[in-house]
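A.B. asks: What follows is a single structure, and I will ask about it in a moment.
The values are calculated or read from the model by the stated rules, or taken from the named source; none is laboratory data. All figures in this text were calculated on a predicted structure; none of them were measured in a lab. Virtual Cβ from ideal backbone geometry, glycine too; neighbours counted across all protein chains shown.
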């Protein structure tokens, strides 16, 4: 994957994630903010901030959530950014948001 392909894939993934988070935030207690290509998900109770950002030099999307760091690589077979365990960006974010809120969250 070259830099342009990464940007295109990453922009699509981040836009899909932002829209899913904005829809889901209407039913759950968190806010979504987009700034300089990164997404921040903020919680009031308990307080926390998760950050999703592209890392162009290594062609990954990085997620910082619940005192952990996750690095997702592009999987051409599924056309999605995924963890080594096969979870997509949407699945990962649903999992960590659900853990934070103590309920099941599907994005």
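A.B. asks: Taking the residues in the stretch 92-101 that are in contact (Cβ under 8 Å) with a residue 12 or more places away in the chain and out of contact with any helix residue (DSSP H, G or I) (no Cβ under 7 Å at 6 or more places or on another chain) as candidates, determine which candidate is nearest to residue 11 (Cα to Cα).
C.D. replies: Only one residue fits best here, namely 92.
Residue-by-condition table, conditions (1) surrounded by 13 or more Cβ atoms within 10 Å (Cβ to Cβ); (2) more than 22 Å from residue 8 (Cβ to Cβ); (3) under 12 Å from the mean Cα position of the chain (by Cα):
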residue	(1), (2), (3)
58	no, no, no
61	yes, no, yes
85	no, yes, no
90	yes, no, yes
103	no, yes, no
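A.B. asks: Just to be sure I understand, how many residues within the stretch 74-83 are closer than 20 Å to residue 20 by Cα and surrounded by fewer than 18 Cβ atoms within 10 Å (Cβ to Cβ)?
C.D. replies: If we filter the stretch 74-83 for residues that are closer than 20 Å to residue 20 by Cα, which is where we start, we get 74, 78-83.
Still in the running and surrounded by fewer than 18 Cβ atoms within 10 Å (Cβ to Cβ): 78-79, 83.
Here the count works out to 3.
A.B. asks: Mind telling me which of the residues 53, 34, 78 ends up being free of Cβ contacts under 8 Å to residues at least 60 places away in the same chain, closer than 24 Å to residue 4 by Cβ and in a loop (DSSP other than H, G, I, E, B)?
C.D. replies: Numbers: 53 fails: in a loop (DSSP other than H, G, I, E, B); 34 fails: in a loop (DSSP other than H, G, I, E, B).
After ruling out the rest, the residue left standing is 78.
A.B. asks: A further question follows. Which residue, of 6, 70, is at pLDDT 95 or above, over 26 Å from residue 102 (Cβ atoms) and surrounded by 12 or more Cβ atoms within 10 Å (Cβ to Cβ)? Outline the logic, then answer.
C.D. replies: Numbers: 70 fails: over 26 Å from residue 102 (Cβ atoms).
Testing whether each residue is at pLDDT 95 or above, over 26 Å from residue 102 (Cβ atoms) and surrounded by 12 or more Cβ atoms within 10 Å (Cβ to Cβ) leaves just 6.
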